[in-house]
Structures are given as structure tokens and as C-alpha cells.
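Taken together, the values in this text are just the output of simple stated rules run on the coordinates, not laboratory data. A quick note: this is a predicted structure, and the numbers were derived from the prediction, not measured. Don't worry about glycine lacking a Cβ; one is built from the backbone with ideal geometry, like all the others, and counts go over all protein chains shown.
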Amino acid sequence: MMKLMNKNAMRTRICSTAIFALALLATTFAFAGTKAPKVVTPQNVPTFPGTLVNARYVYVTSYDGDQFNTNLLEEDRQAIATVQDAMQKWGKFILVYEPHQADVILMVTSRPSEDILAVYDAHGWPQNQYLWRMMGRSGLQPSEAPLVTDLEKAFEQAATK
């Protein structure tokens, strides 16, 4: 009789443990399944500064120097040319080749790990802080420049406000 009680107690304990484990597993799956669907959106594009929406003249350079600097890396020289071409095609700004002629300074860097496109107010440059910046891998390639596309989108959104 004692063995039968121990056997029943053991069965009850095993069943209770199994039921608890199943309940815990079911709860985990229930919470995992109730997540809101992830919205696939492009990279978060910061808002373009409204103070530069009326700017007309743009100068494109690199953090390591202008396109005529003999010490400039070829990747940066190509990034400058890519951004200049994109600005001319876009038509919102007039490209200038001297920083003192510009309202806006676009600074670029192109590295295998990451490209950078930053916007500065030309009045106070190079001492002032960037006002808009995007970074991304292969963001300033000659065939495709998604960072410039992001700049155009941010500018258009700021201009419509």
C-alpha cells in the first residue's frame, strides 16, 4: 500500500511538472506570437534643417580635403564627384567650387566599412557642427548613392512643411 502511494505521488509530481512545463511553453509561444508585425521601412532619415531649405549654392568636399588635394584618397575623390553629379542632376542647388561661395557645405567620406554624407551651414564652417548626417555602407558609389537619395528625401520633406 505504501509503495502504491509513493508511486501515485511520483506520478502526480511528474504530471504536475509536465503540465507546468507545457503551460510555460504555451505562454512563451503566445507572447512571442503577439508581437506587432515589423514594418519594413527604409533607414531612418533624419529631418533636414529648415534653416537651409532656401539655400541655393552648395560646395562638396571631403573631411580629408577638397577634390584637388593631392593627398586625398581616391575613394573620397570619387565620393565628391558622385555627390557633385547627383547635386547637378537634382537641380535644387547650384554647385560652386569655393567654400566661401556656398550656403551649404556637403562633406563626404568613403571607406570600405562606411560612407558618410554630412550637411553644414557654410556660414561658420568648418568650426560649426553638422546639421544633418547619414552613414551607410556603399552609400556614395558612382552607380548608386543612397545617401544622396536620403538627403533629397529629407530636403523635400523639410521644404513641404
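Please verify whether segment 115-133 includes one or more residues that are acidic (D, E) and part of a strand (DSSP E or B).
Narrowing segment 115-133 to residues acidic (D, E): 115, 121.
From the residues that got through so far, the ones that are part of a strand (DSSP E or B) too are 115, 121.
There is at least one residue in segment 115-133 that is acidic (D, E) and part of a strand (DSSP E or B).
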Can you tell me which residue within segment 65-80, out of those that are out of contact with any Gly (no Cβ under 8 Å at 6 or more places or on another chain) and exposed (fewer than 15 other Cβ atoms within 10 Å of the Cβ), is farthest from D150 (Cα to Cα)? T70
Determine whether I105 is farther than 20 Å from R56 by Cα and buried (at least 18 other Cβ atoms within 10 Å of the Cβ). no
Subset tally (residues that are under 23 Å from the mean Cα position of the chain (by Cα), closer than 21 Å to D103 by Cβ and free of Cβ contacts under 8 Å to residues at least 60 places away in the same chain) for segment 51-86: 8
